Structure formats: structure tokens, C-alpha cells
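Have a look at the structure below, then the notes.
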């Protein structure tokens, strides 16, 4: 009996049961744990950023990791339900990988789901046993040759979920089918994720050299990848799950949901959450003023709730956008402050600034109107 094919939010396509790691990822509840930028493969389509590629660094989402406390902060900020251990190839630094898997399991409990990506080059029986004993729940292979494919069979001797994850490269239907047939022949494989081929600043030159083109200039998807994935899903019927993960899913579903989840957890009382961004007002205090005095005046004379106003630095006062909008003329006339803005930030480690809109100096510059316009876009 053929499995029913379902279309998921973001344009992903599923035949079978979605892997547990993917379920958590789509909810935005998965911590991305980057163990190393080093890898022994040379995939022309590798999308890893140049700042990470080949580098010895550890990241929890975008936060640099010097010790496990950094992981705890990031996982707590997003109320993570699981983690994806990735790289590079995490098995290149197996001891570090094992250490952090164990610590995550100890800190967050057995139900905290952890999956790991590897080519399989270093997936020896010894390393696989270490990963299993550390508590790894799911392992995903992206093999580059027959020798690395053998690692999948080795992994099947342990009681965890074993799957594969490969990009869908246009023009490789025969080779991809052969790999999917190989997975079926092993028996026990849980899933194969077919990722839409994506372009980044790092891999775009190589993709163009191989004759690939973008679907459009606004996105990252490569023309022909989704079409091939659809054919594979329609024309095959395996005992394991086939899951096409679209390029759009990563931004419109996974990343957006992670931002919303994190923003709601870490927002300050005066910050609003809008589409995963933290929205607030920033009042720039001139050197001629004392920030603490401005804050006290607003709290005492204008009855601004102390919870809705803060002075993180002497030259920067933060409050709710609607408070700044209501008091902007007071701030201008009484204190001669003109640097009043509504800011939109991602709730990431860097607090990436997405927009900074002035509340003074434009005829229709109210934060409420600007926010409405942003939503329409």
C-alpha cells in the first residue's frame, strides 16, 4: 500500500512519518549545536559560511561556546526541546562531541532529543558506540562514497533512529534512486531527508560553474531540485520515510518559529514580539544630559511604569514604542532629545538589528503606523 504524500507548511513534502528531529526543528524548538567547521569532504555544493568553514569553533545557535554555561543560556532562552549536532563533521572532534551530548542529556533530561549529522567517514564502530552510550537519539548520514555508506549498516546495529540526509541535485535522478534503493536494502533505516539544493554566497560560484540557476533572485532555491524531489516521492514506495525539505522551510518555518519562541521567552516588559522580532523604542541621550535624570523624570512626572523603562547604558534609554511615541514631543521640547527610534531586533545572541525607524522628523512617523506598514510588507 502506497503512503499518502502530504504537503507541509513552507512547501516541504512528506511520505511517511516525519523524523522526530524534524518535528522539533519545524516547531523552532531545536538548538543548533555547531561543533566544528572542519570536514574531510569537498562537496561543491557545501553551503557552510566562509567564516565557519574549516575553523575550530563551537556555536550554540549563533552564540560562541566557551563552556557548557553558554549552551545552557541559549537552550534556556529558546526553551529547547532538542538539539541538532552539526558542522563540518562532528565526528572529527569525537571527544568534544561526546562531552557535549552527555552534558545536554544530563542537564535537560532523557527526553531532550539529540540528532547528529555526519558523512560517515569517521563513523567507526568505536565512535558509533561512544555516541550511543552518550545518549544520541538519531544519526543522519550524508555519505560521499561506498565506504561511507557502509557506516549506515554499522549504525543500524544500535537502538536509535538511523536516517540519511542528502541534497536533491538536478540531473542526478539515477544516482539518487540507486542510493534510495541501497537504503531500502539495508532494512531498518527510518528516513531519508531530501533537501532542496540551496545557493549561498559561499557555494553560488561553484553551483553556477556546474550549470545550476536560482529559481528566482529573491530566494536561495536552485531550479530543478524541487521538481526532481517530487518525482522521487511520486515514483517510489519505500518502507522508510521520504521527506523533501524545501529551502523556504528553513526561513519561513524553522527559523521564524525559533525566533518567535525565543523572543517570547526573553522579551523585556517593554518589548513587543512581532513576527519573531523584538520591538521597542530607543532614546539616545545626548552627552549634555544625565540619563538617570531623564529616566527619573519620566517615571515620576509622567508616571511611566518603572518596568516599562530602562537605562542599559548612560546614553541609551529603552522603553515601549507607544510610550516613546506619546512622549516624543516632551522629550524634544523639554530635553532637546531628537534621537528617538523604534527598533526591530532578532532575539539572537547578537541581537541583530533589522530596522531602526525615527519617531521624529517625518510627518507620518508614528511607531504604530510604521509597524502596520511593516506587517503589510
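Residue pairs whose Cβ atoms lie under 7 Å apart, sitting 6 or more positions apart in sequence or on different chains, and linking a residue in region 7-22 that is on the phi > 0 side of the Ramachandran plot to a partner that is surrounded by fewer than 18 Cβ atoms within 10 Å (Cβ to Cβ) and not in a helix (DSSP H, G or I), are 16/3. Regarding region 230-250, can at least one residue be identified that is free of Cβ contacts under 8 Å to residues at least 40 places away in the same chain, over 21 Å from residue 180 (Cβ atoms) and out of contact with any strand residue (DSSP E or B) (no Cβ under 9 Å at 6 or more places or on another chain)? Checked region 230-250: no residue is free of Cβ contacts under 8 Å to residues at least 40 places away in the same chain, over 21 Å from residue 180 (Cβ atoms) and out of contact with any strand residue (DSSP E or B) (no Cβ under 9 Å at 6 or more places or on another chain). Residue 68 meets the stated requirement of being free of Cβ contacts under 8 Å to residues at least 40 places away in the same chain, assigned by TED's automatic domain parsing to the domain that holds residue 87 and in contact with a helix residue (DSSP H, G or I) (Cβ under 8 Å, 6 or more places away or on another chain). Selection of region 251-275 for residues being within 14 Å of residue 344 (Cα to Cα), modelled with pLDDT of 95 or more and not in a helix (DSSP H, G or I) yields 267, 268, 270, 271, 272, 273, 274. If the condition is being closer than 20 Å to residue 252 by Cβ and over 15 Å from the mean Cα position of the chain (by Cα), then region 6-29 contributes 6, 7, 8, 9, 11, 12, 13, 14, 18, 19.
Here is the figure for region 276-322: residues that are assigned to a loop (DSSP other than H, G, I, E, B), in contact with a strand residue (DSSP E or B) (Cβ under 8 Å, 6 or more places away or on another chain) and loosely packed, with under 14 Cβ neighbours inside 10 Å total 0. Counting only helices (runs of 4 or more DSSP H) that sit wholly inside region 30-137, those with at least 2 residues that are at pLDDT 95 or above, under 22 Å from residue 164 (Cβ atoms) and more than 16 Å from the chain's Cα centre (by Cα) are 94-108, 125-134. Among the residues of region 199-216, those that are touching a strand residue (DSSP E or B) at 6+ places or on another chain (Cβ under 8 Å) and either over 23 Å from residue 234 (Cβ atoms) or crowded, with 20+ Cβ neighbours inside 10 Å (or both) comprise 199, 207, 212, 213, 214. One residue is enough: does region 322-331 have a residue meeting the conditions more than 30 Å from residue 173 (Cβ to Cβ), outside the structural domain of residue 75 (by TED's automatic domain parsing) and free of Cβ contacts under 8 Å to residues at least 24 places away in the same chain? Yes, region 322-331 contains a residue that is more than 30 Å from residue 173 (Cβ to Cβ), outside the structural domain of residue 75 (by TED's automatic domain parsing) and free of Cβ contacts under 8 Å to residues at least 24 places away in the same chain.
Taking the criterion of being under 24 Å from residue 51 (Cα atoms) and in contact with a strand residue (DSSP E or B) (Cβ under 6 Å, 6 or more places away or on another chain), the residues of region 175-198 that qualify are 195, 196, 197. Residues in region 71-103 that are in contact (Cβ under 8 Å) with a residue 60 or more places away in the chain, closer than 26 Å to residue 120 by Cβ and crowded, with 20+ Cβ neighbours inside 10 Å: 82, 84, 97, 100. Within region 307-328, the set of residues being at pLDDT 95 or above and farther than 18 Å from residue 345 by Cα comprises 307, 323, 325, 326, 327, 328. Applying a threshold of 6 Å to beta carbon distances and a minimum spacing of six or more residues, or different chains, the list of pairs starting in region 282-307 at a residue that is touching a residue at least 12 places away in the same chain (Cβ under 8 Å) and ending at one that is exposed (fewer than 15 other Cβ atoms within 10 Å of the Cβ) reads 285/315; 291/314; 307/269.
The values are calculated or read from the model by the stated rules, or taken from the named source; none is laboratory data. Note that this is a predicted model, so its numbers are computed, not measured. Cβ atoms come from the backbone with ideal geometry, glycine included; neighbour counts cover every protein chain shown.
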